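These notes are about the structure you will find just below.
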Amino acid sequence: MQRRSLVLALSGAALLSACGFRLRGADGKSGLPFRTVYIGVPERSPLGVELKRYIRASEDTTIVAEPKEAEAVIEILSETRDRATLSLNTQGRVREYSLYYRLTFQVKNAAGGVLLAPTELVLKRDISFNESQVIAKEKEEDMLYRDMQSDAVQQILRRMSALKPA
């Protein structure tokens, strides 16, 4: 019985490796086709810090200080956080909110040519609201915005990995 399960496990692993299956990010590389990247965001921007951290984790791409030195220039054109009322209770008080994180970015080469036209990412999360737990709900809202920001960074990197260098 143990031998049969071992054979099944090994054959499953062989089938997965034969089809080219690989976990995303398993090799620790970002998969960016550029050797040098400039990120046009303020130094203390949470989005910029996270974007730089993911790019620095790769061994094949470095972040440069000047856009003229980079093969690719990431420009963040706008970043907004919005909150809209989703539902009300019977007393007319807010019961749920929809949180929106909107990010518009573009990628250019060092000469100013557009590699990726301005692209807008819109992420949405719903959150319940309780007046007796205001501080906890504010912390949850902050956590959801950070999660949406991380998701946006991953989407930027995936879109950049599909680009072809000039």
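The values are calculated or read from the model by the stated rules, or taken from the named source; none is laboratory data. In this text, all values refer to a predicted model and were calculated from it rather than measured experimentally. Cβ sites come from the backbone with ideal geometry, for glycine too, and all protein chains shown count toward neighbours.
A few remarks follow.
- Subset tally (residues that are aliphatic (A, V, I, L, M) and within 16 Å of K52 (Cα to Cα)) for the range 124-166: 5
- Looking at S87, S78, just one residue is small (G, A, S), more than 12 Å from L32 (Cα to Cα) and without any contact (Cβ under 8 Å) to a residue 24 or more places away in the chain, and that residue is S87.
- Taking first residues from the range 122-134 that are free of Cβ contacts under 8 Å to residues at least 24 places away in the same chain and acidic (D, E) and partners that are in a strand (DSSP E or B) and exposed (fewer than 15 other Cβ atoms within 10 Å of the Cβ), no Cβ contact under 8 Å between residues at least 6 apart in sequence or on separate chains turns up.
- From the list E59, E138, E96, the one residue that fits, being without any contact (Cβ under 8 Å) to a residue 60 or more places away in the chain and part of a strand (DSSP E or B), is E96.
- Test: E120 is surrounded by 13 or more Cβ atoms within 10 Å (Cβ to Cβ) and part of a strand (DSSP E or B): no
- Residues located in the range 99-114, provided they are surrounded by fewer than 17 Cβ atoms within 10 Å (Cβ to Cβ) and in a strand (DSSP E or B): Y100, R102, T104, Q106, V114
- Against the test of being modelled with pLDDT of 90 or more and farther than 24 Å from L121 by Cβ, the options E59, E75, E71, E66 yield a single qualifying residue, E66.
- V153 satisfies every condition listed in (1) crowded, with 16+ Cβ neighbours inside 10 Å; (2) touching a strand residue (DSSP E or B) at 6+ places or on another chain (Cβ under 7 Å); (3) under 18 Å from V41 (Cβ atoms) except (2).
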